1. Could you name every one of the helices (runs of 4 or more DSSP H) located completely within the range 36-89 that has at least 2 residues being under 16 Å from the mean Cα position of the chain (by Cα) and surrounded by 13 or more Cβ atoms within 10 Å (Cβ to Cβ)?
2. When you go through Leu105, Leu112, Leu117, Leu49 one by one, which is the residue that is modelled with pLDDT of 95 or more and closer than 18 Å to Leu23 by Cα?
3. Name the residue that is modelled with the highest pLDDT, counting only residues in the range 120-150 that are assigned to a loop (DSSP other than H, G, I, E, B) and within 22 Å of Gln6 (Cβ to Cβ).
4. Just give me the residues in the range 104-118 being surrounded by 14 or more Cβ atoms within 10 Å (Cβ to Cβ) and either hydrophobic (A, V, I, L, M, F, W, C) or touching a helix residue (DSSP H, G or I) at 6+ places or on another chain (Cβ under 7 Å) (or both), in sequence order.
Amino acid sequence: MSSETQKILQFFKRWVISTLAVLVAVKVVNGIHFRDPGLLAPVLTALLLGILNAFLRPILVVFALPLLILTLGLFMFVINALMLSFVSWLMQPYFSVDTFRAAFLGALVISLISGALNLLTGNANARITIQRGAPPRKPGSDGNGPVIDV
């Protein structure tokens, strides 16, 4: 398979995962609603959320960098909630988020579900490895140097 085809398939896989995460958030969180019972509104909502996360979110992260550092990254949840609220404003007749609390919880659910599904499908950038035993030592070292295990 060519690299272009792989990129297109990976895009569609992420889009489907985002759509499923948005559907779960609508079912779980009170205050997030779709007006249209069909599948078009969730698909468009996930697409718009992905586009805004790709272009607008990095700008917000740069402006909020002092708050992100001060809160040790927890302010990212607020940025995600703002992004979900903005998508709600743009998709007003079809998708609505009633309160900021609903947006915050919805963004949290979407992040958790999409992260878990990306990890399960192998679509994530992170890998988890589990090692038992002591970390390997470099040849010739006495083992008394500083050690940082994460």
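1. By residue number, 40-55, 57-63.
2. On inspection, the qualifying residue turns out to be Leu105.
3. Initial filter on the range 120-150 (assigned to a loop (DSSP other than H, G, I, E, B)): 122-150.
Applying the additional criterion that residues be within 22 Å of Gln6 (Cβ to Cβ) yields 122-127.
Working: Gly122: 77, Asn123: 71, Ala124: 65, Asn125: 65, Ala126: 57, Arg127: 58.
Here the answer is Gly122.
4. Step one: list which residues in the range 104-118 are surrounded by 14 or more Cβ atoms within 10 Å (Cβ to Cβ), which gives 104-111, 113-115, 117-118.
Phe104, Leu105, Gly106, Ala107, Leu108, Val109, Ile110, Ser111, Ile113, Ser114, Leu117, Asn118, listed by residue number.
The values are calculated or read from the model by the stated rules, or taken from the named source; none is laboratory data. Here the structure is a predicted model, which is why all the values come from computation and not from measurement. Virtual Cβ from ideal backbone geometry, glycine too; neighbours counted across all protein chains shown.
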